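Chemist: Mind having a look at this structure? Questions to follow.
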Amino acid sequence: MFLTIKKIPKVSWSSDKPFNLKPKLTTLLFLCFGLILFGFGEGLLIVSFIGASPWSVLAQGISLNVGFSIGTITFFLSIAVLFFWLFLNQKPGIGTILNALIVALMIDVCIKFVPTPDNFLFQMFLSVIAILTVGLGGGIYLVANLGSGPRDGLMIGLQQKTKLPIAFVRTFLEIMAVSIGWYLGGTVGIGTLLFAFGIGPAIVLGLCIVKKKF
């Protein structure tokens, strides 16, 4: 069963090292493609208007209060998170920097050009498509192996410092993000719950697709 996967698969275009500064062109292209899908999926979930991912809820909440776009706030949040990496002994790779740039850009592109469905069933359908898109994009991005995303690095660094279970650390970060975002006016709803429970299986499904098709 695909849910039994325990490690990130390697394919012909995977980088041998996450801090490779001169990756193969195919690796870089797949990395960018994965991040485009990831960011677009995050944007679709926001557009569904029935709840976004925890960090997008935070970006949305801040955006409503300062006037910048959600994508711009997402980028600033990534930079802020990377600042904390300095105290957690984490090193950014090419994928880390491109993650901050491309995901933020694609969120704004999606919000600008994709309308919110009027029908609740279509909103639900859009949120499911969004989660699957994030999962596929995440699978491609992880297989590229060019550095963890800003929030993933924060999770890893905090876990190494605190020695707490990684599930606890990740859950704590997600709850903090969604709580602050909701307080600031971000949209929390069934889409947020679908993301919370569905993103894990969606990423594993994405890994399986990448391993077999790419």
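Chemist: Taking the stated definitions as given, is VAL66 in contact (Cβ under 8 Å) with a residue 24 or more places away in the chain and among the β-branched types (Val, Ile, Thr)?
Modeler: When the stated conditions are applied, VAL66 does not pass them.
Chemist: Separate question: Can you name the number of the only condition in (1) in a helix (DSSP H, G or I); (2) more than 18 Å from the chain's Cα centre (by Cα) that TRP13 fails?
Modeler: All conditions are met except number (1).
Chemist: Pick out the one residue from VAL143, VAL103, VAL169 that is in contact with a helix residue (DSSP H, G or I) (Cβ under 7 Å, 6 or more places away or on another chain) and more than 30 Å from LYS213 (Cα to Cα).
Modeler: Within the list VAL143, VAL103, VAL169, the selection yields VAL169.
Chemist: Does the stretch 168-179 include one or more residues that are among the hydroxyl-bearing types (Ser, Thr, Tyr) and over 20 Å from VAL57 (Cβ atoms)?
Modeler: So far as the stretch 168-179 goes, no, none of its residues is among the hydroxyl-bearing types (Ser, Thr, Tyr) and over 20 Å from VAL57 (Cβ atoms).
Chemist: Here is a follow-up. Could you tell me which residue of the stretch 50-74 is nearest to the chain's Cα centre (by Cα), considering only residues that are surrounded by fewer than 20 Cβ atoms within 10 Å (Cβ to Cβ) and either in a helix (DSSP H, G or I) or at pLDDT below 95 (or both)?
Modeler: THR72
Chemist: Is it fair to say GLY185 is touching a helix residue (DSSP H, G or I) at 6+ places or on another chain (Cβ under 6 Å), assigned to a loop (DSSP other than H, G, I, E, B) and either in contact (Cβ under 8 Å) with a residue 60 or more places away in the chain or not small (Gly, Ala, Ser) (or both)?
Modeler: Yes.
Chemist: Looking only at the stretch 157-190, filter to residues that are within 15 Å of the chain's Cα centre (by Cα) and of a type outside the set (Asp, Glu); which one of those is surrounded by the most Cβ atoms within 10 Å (Cβ to Cβ)? Step through it out loud before you land on a result.
Modeler: First, pick out the residues of the stretch 157-190 that are within 15 Å of the chain's Cα centre (by Cα): 170-171, 173-174, 177-178.
If we keep only those that are of a type outside the set (Asp, Glu) as well, we get 170-171, 173, 177-178.
Details: ARG170: 17, THR171: 14, LEU173: 17, ALA177: 21, VAL178: 24.
The selected residue is VAL178.
Chemist: Right, another one. Six or more apart or on different chains, Cβ atoms under 9 Å: show the pairs whose first residue is in the stretch 150-177 and without any contact (Cβ under 8 Å) to a residue 40 or more places away in the chain and whose second is outside any helix (DSSP H, G or I).
Modeler: Filtered contacts from the stretch 150-177: MET155/SER148; GLN159/PRO165; PHE172/LEU164.
The values are calculated or read from the model by the stated rules, or taken from the named source; none is laboratory data. Bear in mind that the values here come from a model prediction, so they are computed numbers and not experimental data. Counting neighbours? That spans all protein chains shown, and the Cβs are built from the backbone with ideal geometry, glycine included.
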